[in-house]
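Notes follow the structure.
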Amino acid sequence: MEKTVYSLCFMCSVRCPIKVVVKDGQVKWVEGNPSVPGMEGSLCPRGAAGISFLNDAQRLQSPMIRDGARGSGKWRRAGWDEALDYVADRLKPIIDQHGGKAVALGERTQLATHVSQTFLKAIGSPNHFTHDALCKGSVNTACRSLFGLTDAQMGIDYKNCKHIVLYGRNIFEAISVKEVNNLMDALENGCRMTYIDPRVTVTATKAHRYWMIRPGTDLALNYALIHVILKERLFDAAFVDRWVHGLAELQDFVHDYTPQWAEAETGIPAAEIVALAREASAAKPSVVFHFGYRGANHTNEIYFRRSILILNALMGSIEAKGGFFFKKGPGEVGGKPARKLTEQTFAKIDVPRFDKVGTPAFPLPDPAHGVAQMLPHAILNEDPYPIKALIAFRLDPLMSIADTETTLKALNKLDLIVTIDVNHSDIAWYSDVILPESTYLERTDCIQQANGLKPQMFLRRQAVAPRYDTREGAMILKAIAERIGTGQFFPYTSVEELVRWQLEGTGFTLEDFDAKGFVAYGKNQIFWDRKDGIKLKTPSGKIEFVSSLLEKAGFASFPAYEPVPAPAKGQFRLVTGRNALHTHVSTQNNPYLNEQCPENLLWINAAKAAELGIQNGDWLDVSSKCFTGTIKAFVTDLIHPENVFMLHGFGHRSQLAARSWGRGLSDAALQENISDTVGGSPAYHDTFVTVQKASVKAAA
Amino acid sequence: MSHYYLFQDTRKCIGCKSCEVACKSNKSLPPGPRPCQIITVGPKMIGGLPRAAYTFMPCFHCENPWCVAACPTGAMQQRSADGIVFVDSSLCVGCKTCISACPWGAPQWNPETGKVVKCDYCKDRVDQGLKPACVTVCTTHCLKFGKVEEMTQIRRERHARSVAALESTAF
């Protein structure tokens with residue numbers, strides 16, 4: 001018996017539409033959904049490794065309860081009832097004694113996030129947080145400061161773009177398949193690509209212009225670009241007059257930020273900066289200054305991301321073909337979105353969040369995501385109050401939050417750590433209980449509301465029965481809720497039933513997804529009228545260069561640029577990034593992906609390496625204020641001398657993920673936990689390290 | 001020579017290795033053998049820009065395949081219908097002679113079976129009217145599979161577009 005199931009990949013968070021072929025209860029084949037433009041069969045390597053993930057014996061197979069000290073690796077397998085009882089028996093007294101606020105739940109935003117949020121609302125906890133802040137909190141805040149809308153509500157019309165400028169947005173290695181193919185089409189049609197990064201990446205090898213910028217100085221570059229654009233009147237005057245609030249203030253602000261000034265700061269020749277400004281202007285409004293995917297590098301992150309968005313506004317590339325657009329929801333065509341469990345009525349929660357987001361102490365980050373990197377501080381200092389339990393739902397605080405040793409100290413203070421995951425993650429290794437989730441090929445999931453130029457809904461469908469004793473996350477949280485007395489908020493007996501409830505009132509049924517895996521609310525792309533129809537959500541209804549959001553919270557819209565000093569002698573700025581073969585911290589143990597890329601290396605500039613007597617392949621000791629670890633050297637001319645670089649996601653500590661255990665070095669262990677305290681992102685690239693040949697493994 | 005040609009549009013290739021992973025997954029191979037492989041050369045600076053070659057290396061399915069001639073057991077074969085070169089693993093004894101014979105390293109060693117495995121253009125898929133695994137899932141569709149004479153057209157048409165100057169020609 002062979003059947004075809006249309007579903008959504010989950011080897012990363014992009015959720016590409018896929019077609020799955022199942023024969024005799026086994027997944028035989030996975031490819032990109034042929035009916036979706038930009039997919040048409042395509043998968044990235046992680047998506048292509050989906051079957052090996054499904055069948056891997058080195059993933060979580062059954063509930064487990066700790067049977068020794070935390071992190072000792074001593075476990076006993078448990079049945080679901082025993083494991084769920086174990087969690088409830090410890091969670092209930094914590095809630096009774098300290099209130100629901102003593103429970104935090106962190107997750108990577110996922111299709112059933114409304115279930116997790118419901119779980120916490122039901123117990124009166126405000127402490128839901130997501131991975132998003134760690135990735136792009138400041139991008140989100142920057143977008144709200146200008147448009148009143150978040151980055152998640154914005155999209156890019158790659159296909160019609162005529163010039164794209166990428167600031168370390170390594171679009172051909174940190175892959176989203178549709179974006180890659182739409183940009184490929186544009187390049188084929190003559191689109192120009194400018195790539196700016198202190199390190200040469202695959203994207204750099206495809207670019208028409210590449211600048212090895214001095215690390216941390218992209219903001220100086222942008223202020224100079226804005227300077228040129230205003231001075232030479234290269235902007236879209238009609239669009240700016242209609243939609244921009246604060247042009248005069250911007251003009252005053254950038255007056256002294258000349259290309260010559262930026263050349264000294266960035267290392268990019270002034271004439272080339274002027275040339276880019278003119279070239280971009282010639283392509284307007286089909287020009288994109290990409291605001292980034294991950295935007296969590298420096299303590300001034302929000303101002304850098306704002307400067308990118310301001311460039312787009314000046315080009316008029318907002319709600320334009322070949323530029324940015326605001327995503328349209330079903331309401332645009334008179335449709336209704338899928339329901340969410342969070343629409344139920346809950347008791348009001350009047351305590352602040354653990355990260356103080358939304359209070360005067362941390363006013364601007366998005367409370368829908370919180371600020372995850374504040375968790376260690378909150379736990380260790382009981383500030384603003386004691387946190388006693390953490391549910392880590394496919395989010396690994398140990399490898400995602402900077403300064404792992406401090407995070408570990410904080411976690412050890414907790415009375416209860418529960419991990420819901422598919423992998424033997426590091427947080428699972430340090431947990432008290434592990435509740436294994438079924439993989440994306442084994443479960444149906446909640447509706448994906450895919451807003452865009454054409455509003456659609458997609459659905460992840462179960463392709464095969466679970467290989468092991470695992471369950472869907474939405475069923476796991478419901479089972480815990482039933483044991484602590486909040487089961488009434490989870491009125492379903494299966495995920496399919498939950499999805500049918502979600503679809504009520506939308507005019508669509510579960511069966512409508514059978515043919516292609518998605519449904520569309522309408523046929524045509526929706527662009528708002530650029531003259532009068534752009535529905536901005538700022539108080540002024542305009543694009544706020546002078547931002548009421550920032551100024552009301554006591555922050556400047558245009559703070560003076562602070563020069564970036566060169567690293568102290570013997571030090572390097574540590575920069576991290578991705579390649580096509582791994583997703584964050586979750587795929588390093590996959591058999592095929594591990595084969596392709598088993599460990600990370602430390603990229604170091606050849607001239608600097610020569611000074612330190614380092615050769616390609618040498619074992620190195622890398623030290624920050626937080627940690628010292630060993631890693632092999634990759635000596636190259638293709639990185640700025642002030643930088644060293646390593647891929648994110650290596651140096652796993654869980655011994656049960658045997659292929660990735662101890663391979664490479666964890667960037668999170670080295671990084672200091674510092675933040676952009678305005679926008680909310682961590683400043684992952686503001687850690688400095690020393691590098692020397694390793695004493696221990698030198699002979700290895 | 002097989003009737004088919006697997007063309008790599010190098011301008012679109014991003015060296016992501018989706019092809020390699022899909023190939024191995026489709027053939028359920030353990031770590032080690034790679035019936036197709038992307039070899040990256042570079043990047044190095046060329047005229048002020050970093051450039052790299054991501055070169056796709058499957059089996060070329062030669063017209064006169066040395067691996068077939070070298071195989072002492074008849075395991076390595078060429079399909080008469082379409083020229084696809086494949087190994088019948090039930091006849092392979094693991095002698096590795098084909099590995100010695102192939103100038104391009106196409107036959108791969110499977111340590112789990114002790115036999116050779118190689119690119120067969122996913123002949124089972126081809127027989128069903130499908131494309132090989134690598135071509136189907138290629139992230140950027142830079143891999144194309146078809147008749148040899150069709151494949152040269154992509155570059156010709158691109159070149160024609162790049163030299164055509166419709167706006168400034170009187171002809």
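If you stretched the chain out fully between A:Asp241 and A:Asp67, how much longer would it get, using 0.36 nm times the residue separation minus the C-alpha to C-alpha distance?
So the extension gain works out to 56.0 nm.
Give, in nm to one decimal, the length gained when the segment between A:Asp89 and A:Asn616 is fully stretched (0.36 nm per residue of separation minus the Cα-Cα distance).
Contour length minus the Cα-Cα distance gives 184.3 nm.
So for chain A, taking the charge dipole from beta-carbon charges (+1 Lys/Arg, -1 Asp/Glu), which of A:His685, A:His582, A:Ile310 sits furthest toward the positive end?
The residue sitting most towards the positive pole is A:His582.
Quick check: the distance between the Cα centres of region A:1-32 and region A:69-115, to the nearest angstrom?
31
How big is the gap, in Å, between the Cα center of region A:153-226 and the Cα center of region A:569-606?
Cα centroid of region A:153-226 versus Cα centroid of region A:569-606: 21 Å apart.
Once you keep just the Cα pairs under 8 angstrom separated by 6 or more residues, what percentage relative contact order results for chain A?
Relative contact order for chain A comes out at 20 percent.
Where the eigenvalues come from the Cα gyration tensor of region A:450-500, what are the semi-axes √(5λ) of the equivalent ellipsoid, largest first, in whole Å?
Semi-axes, largest first: 26, 17, 9 Å.
Counting other beta carbons within 10 Å of each Cβ, put A:Phe346, A:Phe650, A:Phe627 in order, fewest first.
A:Phe346, A:Phe627, A:Phe650
How high is the relative contact order of region A:190-240, in percent, counting Cα pairs under 8 Å that sit 6 or more residues apart?
26
Which three lengths, in whole Å and largest first, does the protein assembly as shown cover when its Cα atoms are put on their principal axes?
80, 77, 66
Please state the shape class of region A:463-554: rounded when a/c is under 1.5, otherwise prolate if a/b exceeds b/c and oblate if not, all from the C-alpha gyration tensor.
oblate
How far is helix B:148-163 tilted, in degrees, relative to the longest principal axis of the Cα atoms in chain B, given as a value from 0 to 90 rounded to the nearest 10?
Rounded to the nearest ten degrees, it is 20.
Fewest to most neighbouring Cβ within 10 Å: what's the order for B:Leu49, A:Leu276, A:Leu364?
So the residues, fewest neighbours to most, are B:Leu49, A:Leu276, A:Leu364.
Quick one: putting +1 on the C-beta of Lys and Arg, -1 on the C-beta of Asp and Glu, what dipole do you get for region A:154-292 around its Cα centre, in Debye to the nearest 20?
Computed charge dipole of region A:154-292: roughly 360 debye.
Based on DSSP H runs of at least 4 residues, each adding -39500 (n - 2.57), what is the mean residue ellipticity at 222 nm of chain A after dividing by all its residues, to the nearest 500 deg cm²/dmol?
Rounded to the nearest 500, the figure is -8000 deg cm²/dmol.
Using 0.36 nm times the number of residues separating A:Val333 and A:Asp252, minus their current alpha carbon distance, what extension gain do you get?
Answer, rounded to one decimal: 24.9 nm.
Compute the distance in nm between two label points, each set 7 Å from the Cα along the Cα-to-Cβ direction, one at A:Thr509 and one at A:Thr4.
The two pseudo-label positions are separated by 2.2 nm.
Given R₀ = 45 Å, FRET efficiency for A:Asn381-A:Asp532 by Cβ-Cβ distance, to 0.05?
After rounding, the FRET efficiency stands at 0.30.
May I ask you to sort A:Leu602, A:Leu8 by Cβ crowding, counting other Cβ atoms within 10 Å and putting the fewest first?
The order, fewest Cβ neighbours first, is A:Leu8, A:Leu602.
Restricting to Cα pairs below 8 Å that are 6+ residues apart, what does the relative contact order work out to for region A:582-632? Please round to a whole percent.
26 percent.
Hey, can you list the DSSP H helices of chain A whose Cα span along the axis is 18 Å or longer and whose average Kyte-Doolittle score is at least -1.0?
Span-like helices here: A:80-98, A:132-147, A:218-231, A:270-283, A:301-315.
Does region A:550-700 classify as rounded, prolate or oblate by the C-alpha gyration tensor (a ≥ b ≥ c root eigenvalues; a/c under 1.5 gives rounded; else a/b over b/c gives prolate, otherwise oblate)?
The shape class here is oblate.
Positive end of the charge dipole of chain A (Lys, Arg +1 and Asp, Glu -1 on Cβ, about the Cα centre): tell me which of A:Thr4, A:Asn189, A:Ser431 has its Cα farthest that way.
So the residue furthest toward the plus end is A:Thr4.
Determine the dipole magnitude for region A:52-174: charges of +1 sit on the beta-carbon of Lys and Arg, -1 on that of Asp and Glu, nothing else is charged, the reference point is the Cα centre, and the result goes in debye to the nearest 20.
Dipole of region A:52-174, to the nearest 20 debye: 260 debye.
Values in this text are rule-based calculations from the coordinates and carry no lab data. Keep in mind that what you see is a predicted model, and the values were worked out from it rather than measured. Virtual Cβ from ideal backbone geometry, glycine too; neighbours counted across all protein chains shown.
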